[in-house]
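*Asks:* Okay, here's the structure, questions in a sec.
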Protein chains: 2
Amino acid sequence: MEKLAHKFTYGYYILTALKKADNLKTRDKDYIAAGTVNWVSQISFSPKIFSVAVAQQSDLNETIDYSERFTLHVLSTEHQDYIKTFAEKSTIEEGKINGVPFNKKNGEAIIENTIGHVTCKVLKSENIGDHTIYFGEVIDEVLENDKEPICTAHIPIEYSKEKAEI
Amino acid sequence: MEKLAHKFTYGYYILTALKKADNLKTRDKDYIAAGTVNWVSQISFSPKIFSVAVAQQSDLNETIDYSERFTLHVLSTEHQDYIKTFAEKSTIEEGKINGVPFNKKNGEAIIENTIGHVTCKVLKSENIGDHTIYFGEVIDEVLENDKEPICTAHIPIEYSKEKAEI
């Protein structure tokens, strides 16, 4: 039987953050971090605010801290493969993150063919336990299509980190 | 087409909080608050910490603030009716909250026949936007059964408050 904590339901999201190159002669030097996240929740209607918890050993944190922004992409059931693709350290080449096409828009890395994305400006962040929680106010919200979102009811989270720690 | 914010996935939980009677001659005077919540997320593995966002106009806040604890019960697909039952202001009588049986255990109100519950000690709370977010460390975790949790993929949230505000 699963643990009770595994009975809590989450969506699957790809978080991206973009740190602009210090040398602006070429935008190719922008640093982009991307990763699969589950621990995401809206926490306010007005203003519209989301929270996301990011593991402190992740390489996402530094990039979010620097840019003070993050973008959450909502995955559809068609992109189950992205969960693993973005669980690895990101490799950026030729307009692709880990082989998945993206565009730069308003200083953010936007992954193509998700249900849509919200870009959030960080209001506050806190280290709590083994994660950093970011509170971000939505500054851009784009719904691309009406596909079905994927969630842990379809695909259980692989709690490998948790298992390793216990 | 739905808004993107409605494509984020959440579980359905019943939050309870119990404020002990000032006059301890009778425990019948304990004040119990209960409500349906969705904006719940684990945010740390070790220690195990959950966050929950509660509307600031809710009657849950005062009771959580006073007791510095809250309990989250995970609803199964069998208890879809509890979503509405606990969306109303709570009525406590004869060992029942809104007609649903509960027990008192370690100073908490435990609703029967859910998948299970976690009781959390509040580490911190913050008013952000129109909600209060509580971070609670798990001090008790009970898995009752292995039933399927209900989530917004089964039953979309009725965003009535949001609609009223916009």
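*Asks:* Just to check I understand the Karplus step: with θ = phi - 60° and J = 6.51 cos²θ - 1.76 cosθ + 1.60, what whole-Hz values come out for the stretch A:38-45, glycine and proline as x?
*Replies:* The phi angles translate into 10, 7, 10, 8, 5, 10, 7, 7 Hz.
*Asks:* Cα centroid distance between the stretch B:40-77 and the stretch B:117-155, in Å?
*Replies:* Cα centroid to Cα centroid, the span is 4 Å.
*Asks:* Provide an ascending nm list, one decimal, of label-point separations from A:D140 to the equivalent residue in each further copy; define each label point as 7 Å from Cα along Cα→Cβ.
*Replies:* 4.8
*Asks:* Per-residue HN-Hα couplings for the stretch A:77-87, Karplus 6.51 cos²θ - 1.76 cosθ + 1.60 at θ = phi - 60°, whole Hz, x for Gly and Pro?
*Replies:* So the J values, rounded to whole Hz, are 4, 6, 10, 3, 5, 5, 4, 6, 4, 9, 7.
*Asks:* Could you work out the relative contact order of the stretch A:1-150, using alpha carbon pairs under 8 angstrom and six or more residues apart, expressed as a whole percent?
*Replies:* 27 percent
*Asks:* Please give the calculated 222 nm ellipticity per residue for chain A, where each DSSP H segment of at least 4 residues contributes -39500 (n - 2.57) and the sum is spread over every residue; nearest 500 deg cm²/dmol?
*Replies:* Calculated at 222 nm, the ellipticity per residue is -2500 deg cm²/dmol.
*Asks:* Could you sort out which of B:K89/B:K121; A:K29/A:K105; B:K7/B:K124; A:K124/B:K20; A:K84/A:K147 sit more than 22 Å apart by Cα distance in this structure?
*Replies:* As for pairs spanning more than 22 Å Cα to Cα, those are B:K89/B:K121; B:K7/B:K124; A:K124/B:K20.
*Asks:* Taking a ≥ b ≥ c as the square roots of the eigenvalues of the Cα gyration tensor of the stretch B:56-159, is the shape rounded (a/c under 1.5), prolate (a/b larger than b/c) or oblate?
*Replies:* In terms of gyration-tensor shape, rounded.
*Asks:* Starting from a label point 7 Å past Cα on the Cβ side, list the distances from B:Y66 to the same position in the other copies, nm, shortest first.
*Replies:* Reported distances to equivalent positions: 5.0 nm.
*Asks:* Other chains' Cβ within 10 Å of B:45-54 residues: what's the mean?
*Replies:* Mean partner-chain Cβ count within 10 Å for B:45-54: 5.
*Asks:* Okay, moving on. Within 10 Å of each Cβ of A:127-133, how many other protein chain Cβ atoms are there on average?
*Replies:* Across the residues of A:127-133, the mean count of other-chain Cβ atoms within 10 Å is 6.
*Asks:* Sticking with this one: Under 5 Å between amide H atoms, partner at least 5 residues away or on a different chain: which partners does B:Y12 have, H built in plane at 1.01 Å?
*Replies:* B:L75, B:I150
*Asks:* Okay, next question. What ³J(HN,Hα) values, in whole Hz, does the Karplus curve 6.51 cos²θ - 1.76 cosθ + 1.60 give for the stretch A:88-100 when θ = phi - 60°, with x put for Gly and Pro?
*Replies:* Here the 3J(HN,Hα) series is 8, 4, 6, 10, 10, 7, 6, x, 10, 9, 6, x, 9 Hz.
*Asks:* Here is a further query. Counting only other chains, what is the mean number of Cβ atoms within 10 angstrom of the Cβ of each residue in peptide B:6-16?
*Replies:* 6
None of the figures in this text is laboratory data; all of them are computed from the coordinates on show. The shown structure was predicted, so the numbers you read here are calculated from the model rather than taken from an experiment. FYI the Cβ positions are ideal-geometry reconstructions off the backbone, even for glycines, and counts take in every protein chain you see.
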